[in-house]
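One structure is given below, encoded as structure tokens.
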Amino acid sequence: MIKTILTALLISVCTIPVNAQENTKSKTDASDTLKPYQKYPALPAFNILQMDSVTIFNTYNIPEGKPTAIMLFSPDCQHCKRTIKALEAGMDSIKNIQFYLVTEAHDMADIREFYKEHHLAGYKNIQMVGRDYEFFFLSFYGVKFVPDIALYDEHKKLVTLIEGETTASKIYTYIH
């Protein structure tokens, strides 16, 4: 009888920690399902290699006071090209937004060609085109496809993440 009681006591003591661990694991915190940009809505600091292939710009240095758009694109992406053309067509309505265009793992020659092909030097609000050589944008924003535009207000707080093609008028509605 004592042997049976000790065995039952031993089994119950051993299963308590297991059940306690299972209970804590089964409770999922809502923040665990959020992507980093949703947890941290301030403009993140990450490095962009500029088109000269030497100068590194950190987004920490983007000044406050104007809305900011960071666009992930691919030089050979047709959706990206259509988005740039749509932005060019409505640039007057979004000229107060400073744009930073970044791409992943592309040859600088392709990036420069994209820059020239779309006459991006002619737009004062396009601050920079370069390469996110640390692949920060992809992981922080959870990018599935390009183009992807992270839109921030004048205080560097996230307004929205636009996934896929968009137009100047859509961007304008988010900022105004």
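Bear in mind these aren't lab numbers, they're just calculated from the coordinates by the rules spelled out. Source: prediction; values computed, not measured. Ideal geometry is used to build each Cβ from the backbone, glycine not excepted, and the neighbour counts take in all protein chains shown.
Neighbour counting of Cβ atoms within 10 Å sorts the residues ASP92, ASP110, fewest neighbours leading, into ASP92, ASP110. Applying both filters, DSSP loop and at most 11 other Cβ atoms within 10 Å, to the trypsin sites (Lys or Arg not before Pro) of region 80-126 gives LYS124. Taking the inverse of the mean 1/r over every pair of distinct Cα atoms in region 32-175 gives a Kirkwood hydrodynamic radius of 15.1 Å.
Straight-line reach from LYS144: taking Cα to Cα under 15 Å and skipping same-chain neighbours fewer than 8 places apart, the aspartates and glutamates in range are GLU104, GLU163, GLU165.
Before anything else, pin down the relative contact order of region 32-175: Cα pairs under 8 Å, at least 6 apart, normalised by residue count, whole percent. Computed over region 32-175, the figure is 34 percent.
Full extension of the chain between ASN125 and THR33 gives 29.6 nm of extra length, using 0.36 nm per residue less the Cα-Cα distance. Region 52-83 and region 108-154 have Cα centres spaced 3 Å apart. Seen from PHE137, the other residues with C-beta closer than 14 Å to its C-beta sum to a net charge of -2, counting Lys and Arg as +1 and Asp and Glu as -1. Partner aspartates and glutamates whose Cα lies under 18 Å from the Cα of LYS170, excluding those fewer than 8 positions away in the same chain, are identified as GLU88, ASP92, ASP148, ASP153, GLU154.
Backbone N atoms of region 102-122 closer than 11 Å to the 7 Å Cα→Cβ label point of ASP76 belong to residues 106-107, 110.
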